Amino acid sequence: MNTFRQISPWRVVAASVCGTSHLKNKQLCQDAHDWQILPNNVLAIAVADGAGSASLGQVGAKIAVETAIAYLAQQEISDEILTQDMLLSDLLTQTTLVARKSVIAEAAACKHEPHDLATTLIIMLATPFLVAVSQIGDGLAVVQDSRGGLSALTVPKCGEYINETTFLTAADALNTAQIKVWREKNSQHWCTHRRTPNVSAEYGCGRTPQTVLFAFVCICRPDRR
């Protein structure tokens with residue numbers, strides 16, 4: 001699904017694209033994304049990559065992102081929460097837990113094991129001046145500061161073997177979660193996942209989003225006028 005929506009002052013473009021290996025093997029796209037503009041001009045984004053080894057990885061990814069955004073939309077994300085890193089971290093942790101329970105419940109309803117719906121999950125909350133990220137599994141969240149320097153907020157969590165990582169359905173998933181809150185006025189924020197774009201968002205009337213060595217899942221850019 002590809003979507004574009006203009007919501008002042010956010011501009012959001014979203015897409016999930018089947019990778020070349022999936023096309024070659026005649027597999028469905030296993031990536032999923034969802035996003036929503038919340039009160040207080042908070043942009044909520046979730047992206048997930050269903051495990052290629054899981055028979056219903058694409059189902060797990062879709063349920064994870066939709067549950068995460070639906071849960072965040074029900075919360076009152078007040079100025080108090082946005083100004084306290086601990087409260088943001090708690091909110092992201094709870095959102096991840098709710099998404100995990102939803103995926104596991106779907107597995108049980110379909111008479112499958114949780115690992116059949118294995119998926120990664122990245123959740124982002126962004127305002128013009130902060131980005132808070134929670135990540136389970138591989139993927140990468142990057143911030144570009146006002147001096148142009150790039151810093152990784154999260155790093156890919158890989159196992160001993162190629163393409164091995166921790167999935168949302170794993171028993172120790174929450175113990176492996178990476179949570180980071182970044183604050184800096186006039187910064188640019190990126191959360192990346194996979195090698196095909198999932199969600200791109202720009203705040204205000206900034207310049208055309210730049211690309212680096214990888215494709216973006218989401219870009220949250222304050223107006224720099």
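Annotation: amide H of W10 within the under-5 Å range of G204, sequence separation 5 or more or interchain, hydrogens built in the peptide plane. Summarising the label geometry, the points placed 7 Å from Cα in the beta-carbon direction at E184 and N40 lie 2.3 nm from one another. Give the Debye-formula value of log10 I(q)/I(0) at each listed q (0.12, 0.13, 0.23 Å⁻¹), with one equal scatterer per alpha carbon of segment 20-137, two decimals each. Log10 I(q)/I(0), no solvent term: -0.44, -0.51, -1.19. A Förster distance of 35 Å, applied to the separation of the beta-carbon atoms of V98 and L150, puts the FRET efficiency at 0.65.
All of the numbers you see were taken from the coordinates with simple rules; none came from a lab. Since we're looking at a predicted model, the values are computed, not measured. Using ideal geometry, Cβ is built from the backbone for each residue, glycine included, and neighbour counts are taken over all protein chains shown.
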